[in-house]
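S.K.: Pasting a structure here, questions to come.
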Amino acid sequence: MLTGSCLCNGIQYQIDGELGQAMVCHCGKCRKSNGSAFAVNAAIKVDEFRLLKGQELVGEFESTPGVFRTFCKNCGSPLYSRRPSMPDIYRLRIGTLDTDVQVKPVAHIYMGSKASWDQSHDDIPQYDERP
């Protein structure tokens, strides 16, 4: 079991399963939605995700047709994204986890659209798009 929350702790969640592979996304949408050079996301199963608190604080924004980014309406913390075309999967922003997890991302994706000031200094494979 994993637990997580937003910055203001108004939203709390639990995952009764494991994280999928983590990827570091450098696309412009992840940069904008996280206010950083990238977002680290891992797939989780929708049926293993449970909101414990704060349903009324959950907001969504359709950033691209068919891609919905979920966030806390109070503090703005990005939580996960979802696609109706993939109804069984959320892409969790693992920075919202409260449980300490030993995750090593498997790839840097969308490096072709990364910010000019963004530099990666590790040995993780890099892809211009999503492999």
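S.K.: Ratio to report: Rg/Rh of the chain, with Cα atoms as the point set and Rh obtained by the Kirkwood method; give two decimals. Display every interim value, and only then the final one.
M.R.: On the way: Rg = 14.3 Å, Rh = 15.1 Å.
Result for the chain is an Rg/Rh of 0.95.
S.K.: Quick one: with all protein chains in place, what share of the accessible area of region 79-131 is carbon or sulfur, to the nearest percent (1.4 Å probe)?
M.R.: Working: 1630 of 3520 Å².
The nonpolar share, carbon plus sulfur, comes to 46 percent.
S.K.: Say each of Asp100 and Ser36 gets a label point 7 Å from the Cα, pointing the same way as Cα to Cβ; how far apart are those two points in nm?
M.R.: Calculated label separation equals 1.8 nm.
S.K.: Given labels modelled 7 Å from the Cα in the Cβ direction, how far is it in nm from Val67 to Leu51?
M.R.: Reported label-point gap for Val67 and Leu51 is 2.3 nm.
S.K.: Give, in nm to one decimal, the length gained when the segment between Asp122 and Gln14 is fully stretched (0.36 nm per residue of separation minus the Cα-Cα distance).
M.R.: Values: separation 108, 0.36 × 108 = 38.88 nm, distance 3.06 nm.
Fully extending the segment from Asp122 to Gln14 adds 35.8 nm.
The values are calculated or read from the model by the stated rules, or taken from the named source; none is laboratory data. Computed from a prediction, not measured in an experiment: that's the story for all the values here. FYI the Cβ positions are ideal-geometry reconstructions off the backbone, even for glycines, and counts take in every protein chain you see. All accessible areas refer to the heavy atoms of the entire protein, side chains included, with ligands and DNA or RNA removed. Shrake-Rupley method; radii C 1.70, N 1.55, O 1.52, S 1.80 Å.
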